[in-house]
Amino acid sequence: MSAISADLTQSFFDRLDRAQDDRVLGTRLKGVLSPRARIWSHWGSTDGPSEAEMAVLPLMQALEGGRLDGEDLIWMGKHARVAAGRWRFSGRMVRDGPLGRASGSAVSVRIASELYLIDDMVAEGVVVMDTSTALLQADIGLKEWARGRAMTVEAKLPEPPQATAQNVWADGWAQLLQLGMSKGVGAMAAQYAQGCVVDWPGARVAHGRGEVEQFWSKLRNALPSAKFTLCHRVGRSDPMMPPRASVRWRLTGKHDGWGLFGAPTGAMVSVVGISQAEFGDDGVKREFTVFDEAAVWAQIFAQTGAVDDRTCAGPT
């Protein structure tokens, strides 16, 4: 990684670490978020650092030793930057909280984000959490949890009006995803290294082109008529690092096929995902894709009527 890239990335990660160590309630994120920072997710939006802190506080209190650690930050720009982040959130569920009842289970889940920074302070951001992995590790039923939140899920997330310069890795990765969604997943998988590693929601980690094709096919087959939209892309090539790229995408349409979400229901859903890739001489060597399966299930339950007073009260 170049000196400039390393300094900027490490500076952001260090500031986030200091925020987590701060014990003054309501001020922890002021060194990371601008005063009017707007953050969106499928489970709500926040305005400003104090509101963002209050939103994540219940989860942090439920997890003993809860930490958010940075894995990578792919950014472009100078005064105004776009930064695609990948994070690992971990802790032990010792108290009841947003994920359900205390189980004592260790939770380690990936979060992907696309952040818009001005003078290295976050002004806007889209955050997607792999909720299904957290629920699996905590032994909480994915569908039951999602059904209880069917009336609170936000299907469509805003599209912050940000633009970045062209980048060969970002453009190539976007074209590859578009190829898979329009021409067939097999054509997309052929551009991966034979020994590639793929990380998907629900703690799905596998190797090889066949697994790539299987994973993406399950998603596309569930929404065969849905529109695939490339929302944003960013890429970097740094010394001592593989070229990397991140694409935020959206699948919007009817759940009219058999696949990742079971039998077709006809529900209109929106899947917001962030896919990041590392490249080698023989194609994509590593893929990290994050989308919130629970948010999709919640959208399905909200429209199919599979909701009642008991399940809306929370997880069972």
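Quick notes on this one:
- Qualifying chymotrypsin sites (Phe, Trp or Tyr not before Pro) for the stretch 223-292 [loop in DSSP, other Cβ within 10 Å: at most 15]: TRP258
- Of LEU177, LEU73, CYS196, farthest towards positive along the dipole that unit charges on Lys, Arg, Asp, Glu beta carbons give the chain: LEU177
- Cα-derived Rg to Rh of the chain, Kirkwood definition: 0.95
- Cα shape, the stretch 3-147, gyration tensor, a/c 1.5 rule: prolate
- For HIS232, distant residues with modelled amide H under 5 Å away: ARG248
- A DSSP coil position with no more than 16 other Cβ atoms inside 10 Å describes the following trypsin sites (Lys or Arg not before Pro) in the stretch 128-210: LYS156, LYS183.
- For the stretch 3-147, a crude dipole built from +1 on the beta carbon of Lys and Arg and -1 on the beta carbon of Asp and Glu, taken about the Cα centre, is about 220 debye to the nearest 20.
- Dipole magnitude (debye, nearest 20) for the chain, charges at Cβ of Lys, Arg, Asp, Glu: 420 debye
- Charge context of TRP173, other residues only, Cβ under 11 angstrom, K/R +1, D/E -1: -1
- A cut-off of 5 Å between modelled amide H atoms, ignoring neighbours fewer than 5 places along the same chain, links ARG28 with no other residue.
- Candidates THR289, THR265, THR27, ranked by Gaussian network fluctuation over the chain, Cα under 10 Å, top entry: THR27
- Derived scalar couplings ³J(HN,Hα) [the stretch 129-140; Karplus, 6.51 cos²θ - 1.76 cosθ + 1.60; whole Hz; x for Gly, Pro]: 10, 7, 4, 4, 5, 4, 5, 4, 5, 8, 6, 10
- Separation of alpha-carbon centers, the stretch 35-105 and the stretch 199-235, rounded to whole Å: 24 Å
Rule-based calculations on the coordinates, nothing more; no lab input. Predicted model, so just to flag it, every value in this text is computed and none were measured. Cβ coordinates were reconstructed from backbone atoms using ideal geometry, including for glycine residues, and neighbour counts include every protein chain displayed.
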